[in-house]
1. Give me the percent of Cα-Cα pairs in the stretch 185-320 that sit more than 25 Å apart, rounded to a whole number.
2. Looking only at the chain, where both bridge partners belong to it, what percent of the DSSP beta bridges are antiparallel (to the nearest 5)?
3. Arrange E246, E191 by Cβ neighbour counts within 10 Å, fewest through most, would you?
4. Take T274, T294 and order them by how many other Cβ atoms sit within 10 Å, fewest up front.
5. Can you give me the Cα centroid spacing of the stretch 60-93 and the stretch 302-316 in angstrom?
6. Over the stretch 3-337, how many pairs of lysines fall under 26 Å by alpha carbon, counting only those 8 or more apart in sequence or from different chains?
7. Rg/Rh for the stretch 28-173: what does it come to with C-alpha atoms and Rh from Kirkwood?
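Bear in mind that the values in this text are calculations on the coordinates, not laboratory data. Remember, predicted model here, so these are calculated numbers, not experimental data. Positions of Cβ are generated from backbone atoms using ideal geometry, with glycine treated the same way; all protein chains shown enter the neighbour counts.
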Amino acid sequence: MDACLGSLVLIAAIVAASGSDASDHPQATLSNGLVDLQLYLPDAERGFYRGTRFDWAGTVARLEANAHTYFAPWFVKFDPDLGDIEFDPALNGYAAGPASADIGPVEEFRTPIGYREAAVGGTFLKVGVGMLRKPEEEEYSFFNRYEIVNGGTWNVRQEADRVEFVHDLTDESGYGYVYVKTLRLPEGKPELILEHRLENTGRKPIETSVYNHNFIVLDGQPTGPDFVIKVPFEVAAARDQGGFAETRGKKVVYLRELQGDQWTMVEVAGFGDTAADYDIKVENAKAGAGLRITGDRPLTRMMVWAIRPVRSPEPYIDLHVEPGSEFTWRIAYEFYDLP
């Protein structure tokens, strides 16, 4: 463990969470008196999330603010043999596999780096995960679980107001980086701040996109007309194929309540080329609560995906980091009650 990070703190507190054996996974807790945050920590043997889709840093097991729950487990069963999610009628809920079974504002570096150039049996890079083995397949799919050839090293440091994750990867392929992700609770504010720094320490450029999946539960309210998603720009008209959701002006609205295994996906277009449009509000009239998500980089894509127990505005940004350079970005979450 890196001594320059100070003392490593891995709190193995028992965290109330649905799913199996939550207390088996390394965890940490934070609170500023307004926001209570419980985190799962990266661990190749005992970590909650050990898949190859999402960044291993900063899985939020539960977040509560202003007497509302914003992030928490949204599936009723974890099945390690599943690649994606699957509705279980007997449980009236979702079973989730390691590709999709993550919680909270989790991030994925969407485009695998070096995948097309790699031969079958060679390796490619997913930032926040490591170097993965390329199998014989027609194309990359995040639903697949790939062999981790080089997972790098993880260090975690906790202070009074934050938890910092550091992923250090050096690989013979020429890819290398130091990735630092910090989850911070500002004093006296109902907010969560995610700060990121990616330093390219290798010989090859790192070029990909990254988005936040934002698995928002908001008091367990079902996806339906009580939810609205707002942005500061006029959205190009769009509607999902199932007729569950559509865009109206500066909003995404749900036309009816999703049932069983119904799902919806709407693309949000019309944003500009500045960070001012990375400003998303998700509100629920019945719960009387909302959250505002802002970023400091311009959007390059935005999708809104939802199933009954969870809804996910997915804002993308692009990053290109040359060797010896670094890239930073910041995402802020503000939690509030509706008037």
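1. On the way: 2812 of 9180 pairs.
Summing the P(r) tail past 25 Å for the stretch 185-320 gives 31 percent.
2. In the chain, approximately 100 percent of DSSP beta bridges are antiparallel ones.
3. Fewest-to-most ranking of E246, E191: E246, E191.
4. Ascending Cβ contact count within 10 Å gives the list T274, T294.
5. A separation of 14 Å, based on Cα centres.
6. Eligible lysine pairs with Cα atoms under 26 Å apart amount to 18.
7. 1.01
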